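Worksheet for the structure shown next.
The values are calculated or read from the model by the stated rules, or taken from the named source; none is laboratory data. All values reported here derive from a predicted model rather than from experimental measurement. Note that we place each Cβ from the backbone using ideal geometry, even for glycine, and neighbour counts take in every protein chain shown.
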Amino acid sequence: MIVKFYDNYHFASNSAGMPLSILYIYQMLYAFKEQLKSHFAYLEHAKLVIAISGGVDSVVLAYLCKALKLNFSLAHCNFNLRGDESNADEDFVLDLGERLDVEVFIQNFDTKAYADQNKRSIQMAARELRYNWFNELAKQLQFDYILTAHHADDNLETFLINFTRGTGLNGLTGIPEINGNIVRPLLKFSREQIEDYAKENCIVWREDSSNASRKYLRNKLRHEVVPILKDINPELLNSFQNTLDNLNDTADIVEESLNVFTERAIVKGNNKTEMYKISEFKKVNNPKAYLFEMFKSYGFTEWNDVTDLLDAETGKYVKSNAHRLIKHREFLILTDSHSEQNEVSYLVDNVNSEIKTPIGILLFDEVDAAKQNLTTTIYVDSEKLNFPLELRLWKQGDMFYPLGLKGKKKISKYLKDEKLSLVEKEDTWVLMSNNEVVWIVGMRADNRFKVTDATKQVLKIELK
């Protein structure tokens, strides 16, 4: 056997000096170089961190990046799920860092405890821990990009997982090559190409024993379904890539159409809510499809119920884990799920106070004379107040005496008469003195605390 070196890599050759698979290996490195040049040129001068497990995919990615002299470090997660095997993976990565002469970062996790605490599957827990740490590491040490070693077979498996579970168009468009600061430069390469490259270069890697288990859906697809598909079509990955390209083209058309629709449908938005015209959904041939595309990322699953909101009574809503879609008159209002904050309150100790609240800054100032009350400013008789005052969300049963009217009124009735949406009602605050309403903040003052001719000290209360 003769060993020859090409671009710092060695290849086995026969006695006649003809390298075995040298052309293939050179093409792999050349193809990776061209892939970076055409799609990821910005990586050449960036500070990178490679997410490395010790498996063949991430190890080959590290060797390729070293061959192209990129500036990178390695980051390894020890999830402590496979006992000594997990620790051996960690040792292997530390060893690899020395061989490649690059910095290595290691993070240990109690994955099972995290999964139990957050009610996640082990796989989902590991994913959250991994990416949270990668992003934290990138932020702290100013890495420009995080490289992962996802490849074409991973892409196919993800497609099949989404397909079997049920998904929309976006779930069938594959793993994105770039997602924020996450870059996946190996997506165009197959698992077979990567493993062949490692074997021909005598690159050592670690095998994760859990990859052989059939209890995970991805592994069942990898070991039982994908081989059958490849047997049916030996060019499966190429055909699959063509399908992804076509689906992504279609997704672009859908997104463009949806953007035009959104401009027509959306009325207003702030940091808490977005409002959409129901009439625009009713104009299209398939309202349910537009509702799905518009709100799918907010966790809704009962799309028939969402569609029924178009003709529902005001106040009806559909919930996901984190959001609500509410019918209000001729609009749909998207908002976060209402948090239970009825016990949250703020105390005002004296007449010269300034307190920060969820709805703004509340200012209290003694003045010489009262002016006309506004929605954001009222004037009250300071001597009629009992400090400390309390600012809280209104509650069922709260009553007040509307300024300028005779008698009392339930706040619930007042808010209904004002035609407030459910979201606006839930975010209505009241200023209280000794359990009496002084002000429905931003709306109406209470008659009992108004300034009269007998008033000696006027207090100005303002919301900014």
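Residues that are crowded, with 17+ Cβ neighbours inside 10 Å and of a type in the set (S, T, N, Q): list the strands (runs of 3 or more DSSP E) wholly contained in the range 303-362 that include at least 1 such residues. Per the criteria, 331-336.
Residues are listed down the side, and each one gets a yes or a no for (1) closer than 19 Å to ASN242 by Cβ; (2) at pLDDT 95 or above; (3) under 29 Å from the mean Cα position of the chain (by Cα); (4) not basic (Lys, Arg):
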position: GLY171; (1), (2), (3), (4): yes, no, yes, yes
position: GLY174; (1), (2), (3), (4): yes, no, yes, yes
position: ASN181; (1), (2), (3), (4): no, yes, yes, yes
position: PRO185; (1), (2), (3), (4): no, yes, yes, yes
position: LYS188; (1), (2), (3), (4): yes, no, yes, no
position: ASP196; (1), (2), (3), (4): no, no, no, yes
position: GLU200; (1), (2), (3), (4): no, no, no, yes
position: GLU207; (1), (2), (3), (4): no, no, no, yes
position: ALA212; (1), (2), (3), (4): no, no, no, yes
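The set of residues in the range 363-386 that are within 24 Å of LYS410 (Cα to Cα) and touching a residue at least 24 places away in the same chain (Cβ under 8 Å) comprises ASN373, THR375, THR376, THR377, ILE378, TYR379, VAL380, ASP381, LYS384, LEU385, ASN386. Among the residues of the range 431-452, those identified as touching a residue at least 60 places away in the same chain (Cβ under 8 Å) and charged (D, E, K, R) are ARG448, LYS450.
Restricting the range 373-414 to residues that are part of a helix (DSSP H, G or I) and not small (Gly, Ala, Ser), which is farthest from ARG324 (Cα to Cα)?
Ranking the qualifying residues of the range 373-414, first place goes to GLU383.
For the range 342-362, the set of residues classified as more than 21 Å from SER382 (Cα to Cα) and among the hydrophobic types (A, V, I, L, M, F, W, C) consists of VAL344, ILE359, listed by residue number. Can you say whether GLU98 is surrounded by fewer than 13 Cβ atoms within 10 Å (Cβ to Cβ), touching a Leu at 6+ places or on another chain (Cβ under 8 Å), under 22 Å from VAL59 (Cα atoms) and at pLDDT 95 or above, as far as the supplied structure shows? No; evaluated as a whole, the condition is false for this residue.
In the range 41-58, the residues that are assigned by TED's automatic domain parsing to the domain that holds LEU96 and closer than 30 Å to GLU85 by Cα form Cβ pairs under 8 Å with partners that are of a type in the set (Ser, Thr, Tyr) and part of a helix (DSSP H, G or I), at six or more places apart or across chains, as follows: ILE50/SER58; ALA51/SER58; ILE52/SER58.
Quick one: which helices (runs of 4 or more DSSP H) lie wholly within the range 215-301 and hold at least 1 residues that are of a type in the set (Val, Ile, Thr)? Reasoning before the result, please.
Values: elements: 217-220, 226-232, 236-265, 278-283, 287-295.
Those helices (runs of 4 or more DSSP H) span 226-232, 236-265, 278-283.
Residue pairs whose Cβ atoms lie under 6 Å apart, sitting 6 or more positions apart in sequence or on different chains, and linking a residue in the range 239-257 that is in contact (Cβ under 8 Å) with a residue 24 or more places away in the chain to a partner that is of a type in the set (Gly, Ala, Ser), are LEU244/GLY174. Of all residues in the range 32-89, those satisfying the criterion of being touching a Ser or Thr at 6+ places or on another chain (Cβ under 8 Å) and acidic (Asp, Glu) are GLU85, ASP89.
In summary, ASP154 fulfils each of the numbered conditions (1) surrounded by fewer than 19 Cβ atoms within 10 Å (Cβ to Cβ); (2) of a type in the set (D, E, K, R); (3) out of contact with any strand residue (DSSP E or B) (no Cβ under 8 Å at 6 or more places or on another chain) with the single exception of condition (1).
Which of the following residues is modelled with pLDDT under 95 and either crowded, with 20+ Cβ neighbours inside 10 Å or of a type in the set (Lys, Arg) (or both): TRP394, TRP439? Lay out the reasoning, then the answer.
On the way: TRP439 fails: modelled with pLDDT under 95.
After applying the criteria, what remains is TRP394.
I'm checking my understanding of the structure. Among residues of the range 415-430 that are part of a helix (DSSP H, G or I) and free of Cβ contacts under 8 Å to residues at least 40 places away in the same chain, which one is surrounded by the most Cβ atoms within 10 Å (Cβ to Cβ)? Before you say what the answer is, go through the steps one by one.
Filtering the range 415-430 down to residues part of a helix (DSSP H, G or I) leaves 415-417, 422-426.
So of that shortlist, the ones also free of Cβ contacts under 8 Å to residues at least 40 places away in the same chain come out as 415-417, 424-425.
On the way: LEU415: 19, LYS416: 12, ASP417: 9, GLU424: 15, LYS425: 16.
Selected residue: LEU415.
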